[in-house]
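Just so you know, all these numbers are worked out from the coordinates, no wet-lab data involved. Everything numeric here is computed off the predicted structure, so don't read it as measured data. Glycine also receives a Cβ, built like all others from the backbone with ideal geometry; neighbour counts cover every protein chain displayed.
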Amino acid sequence: MKDEIKRRIIIDTDIGGDPDDATAIALTLASPELAIEGITTVYSDVDYHARRVARLFELAGAPPVPIYNGLSETLLRNRNVSWTSDADTQDEEGEGDALDGGPQPADAGSAVSFIVGSIMASPGEITLVCIGPLTNIAAAIIVEPRIIDRVKQIILMGGVTRLGDNGAELYPVEHNIKCDPEAASVVFGSGAPIVMVGLDVTSKARITREHCRRLIASGKPVNAALADVMERWLVRIGEDSTPMHDPMAMALAIDGTLATTRRMNVRIDYDHREGTGQTVAVSDPRSPVEVCLDVEADRFLNLLFDRLCKEE
Ligand SMILES: [Ca+2]
């Protein structure tokens, strides 16, 4: 695929012990439609996130891309940032797993400056795929509000509306928004074109140990590492399956027809108690925010695993 028709993306990630960030980045590396301009890390130990990204690229045999350290603390520095293992957080250390112990990549500079500079230099060209708390993106909007009109799209994993057929089963607050609700409020209220990939759809696509076996059978070192992270995660959470939250956001950068969306205004409902950060969505045909309400889960999982396991 010629470079000029590739979709240019920046990935903003809090990659940790949950396998979904790593799987999303591996999907990107297996997708000729996408060109990674750079990777930005966000929330808690951004050096640690960068080392895991570097290790993933090594295992995939992919040419390295610049990795920019983002903000460790939340936008207003008013939330407890989790730096240690906690079963309720996704950013915990994947201690001892196959992505642990990667080289510390050279810090390419400020994530926020990179996001602003990239979008301002290429109006209408850059898509942000946000798979962590929205601190870097909110800071970028505050530093340079003109990116709101110049970003091609912000595809973000985060939030939950509970408006689909699985709504009753879903917890009303989602991790990425809960971690930094003030940042999420800045982003959702900005007027930028957003696709919100929330728990409503990501909960519908789960991987099992059978998927891990398929990854291992592919014989690729990067897939063996993903399987290791996945299997450890399943043990850690005590489940037989886990949702592919972040890879679904990436898949929508490849094929937007995987999900059905509705234009809605999304307000972040929060206060200073812990655990707040609901995404309250109300239908509005004029809204720049498209909320995913349903997904073709089987087609998504087929896309994901066909690409990861494709023979070279
Ligand atoms: Ca993530």
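Excluding same-chain neighbours fewer than eight residues apart, the lysines reachable from residue 6 by a Cα-Cα span under 26 Å are 152, 220, 310. Just checking the listed ones, 47, 107, 165: in the Gaussian network model of the chain with Cα springs under 10 Å, the one fluctuating most is 165. The GluC sites (Glu not before Pro) of segment 1-59 that meet both conditions, a loop assignment by DSSP and at most 13 other Cβ atoms within 10 Å of the site Cβ, are 33. For residue 293, the residues 5 or more places off, or on other chains, whose built amide H falls under 5 Å of its own are 260, 261, 262. Within a straight-line Cα-Cα reach of under 15 Å, residue 178 can be paired with the following aspartates and glutamates, leaving aside sequence neighbours fewer than 8 residues apart in one chain: 14, 73, 86, 88, 91, 269, 271, 274. Placing R0 at 35 angstrom, the Cβ-Cβ distance between residue 47 and residue 122 gives a FRET efficiency of 0.80 after rounding to 0.05. State which helices in the chain qualify, where a helix is a whole DSSP H run, it must extend 18 Å or more along its own axis by its Cα atoms, and its mean Kyte-Doolittle hydropathy must be at least 0.0. Those that clear 18 Å and a mean of 0.0 are 221-237. What does a probe at residue 78 reach in segment 156-188, counting residues whose amide N is under 11 Å from the point 7 Å along Cα→Cβ? Within reach of a label on residue 78, which here means backbone N under 11 Å from a point 7 Å along Cα→Cβ, segment 156-188 contributes 181-183. The loop-placed trypsin sites (Lys or Arg not before Pro) in segment 230-274, going by DSSP, that have at most 12 neighbouring Cβ atoms within 10 Å of their Cβ come out as 273. Computed over the chain with a Gaussian network model linking Cα atoms closer than 10 Å, the most mobile of 245, 211, 49 is 211.
Of all aspartates and glutamates in the structure, the ones whose alpha carbon falls short of 13 Å from that of residue 204, not counting any fewer than 8 places away in one chain, are 165, 169, 246, 294, 296, 298. Between 53, 289, 65, the GNM of the chain built on Cα springs shorter than 10 angstrom shows 65 fluctuating the most.
Rounded to the nearest 0.05, the FRET efficiency derived from the C-beta distance between residue 224 and residue 5 at R0 = 41 Å is 0.80.
Only Cα pairs under 8 Å and 6+ residues apart enter the sum, and on that basis the relative contact order of segment 175-312 stands at 35 percent. A crude spin-label estimate for the pair residue 171 and residue 33, with each label 7 Å from Cα along the Cβ direction, gives 3.2 nm. Taking the Cα centroid of segment 9-62 and of segment 116-162, what is the distance between the two, rounded to the nearest whole Å? Between the Cα centres of segment 9-62 and segment 116-162 lies a distance of 17 Å.
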